[in-house]
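Notes follow once the structure below has been shown.
Throughout, read-outs are computed from the coordinates displayed, never taken from laboratory work. Treat the numbers as computed from the prediction; the structure is a model and nothing was measured. All Cβ positions, glycine included, derive from the backbone under ideal geometry; neighbour counts span all protein chains shown.
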Amino acid sequence: MTTYAVAAAVAVLVAIVADLVLLRTGLTGSRTWWTAYGIVVGFQLITNGWLTGRGIVRYSDEAILGSGRIVFIGDGRIAYAPVEDLAFGFALVLMSCAMWVWTGAKESTPR
């Protein structure tokens, strides 16, 4: 497994643990979260796919799970984007939303 894939897996695990255990927002357990994330990931695939599909952003063969071949689907890619990018995107969006919900809950608590 590549270091990029390991880092992506760790990022996803950290985000899920933060959501469920540390911040206790429980976003990943709600239908609303998954609906919103579905919209976000759709746009992520369009943007990331455009950048990687045109070769604007390139990855070393050793850095990603698949080869360096740029294909629409397969060989470790979805819509040209390496699967690791989708994992990092998931972690980023989940952490952002969990922190947003958590800070909002803290601010609404009476002092």
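Could you work out how far helix 83-107 tilts from the main Cα principal axis of the chain, as a 0 to 90 degree angle to the nearest 10?
Rounded to the nearest ten degrees, it is 10.
Determine the dipole magnitude for the chain: charges of +1 sit on the beta-carbon of Lys and Arg, -1 on that of Asp and Glu, nothing else is charged, the reference point is the Cα centre, and the result goes in debye to the nearest 20.
On the way: 8 positive and 7 negative charges, 64 e Å.
Result for the chain is approximately 300 debye, rounded to the nearest 20.
Which cross-chain or sequence-distant (5 or more) residues have an amide H under 5 Å from the amide H of Ile78, H modelled 1.01 Å from N in plane?
Val83
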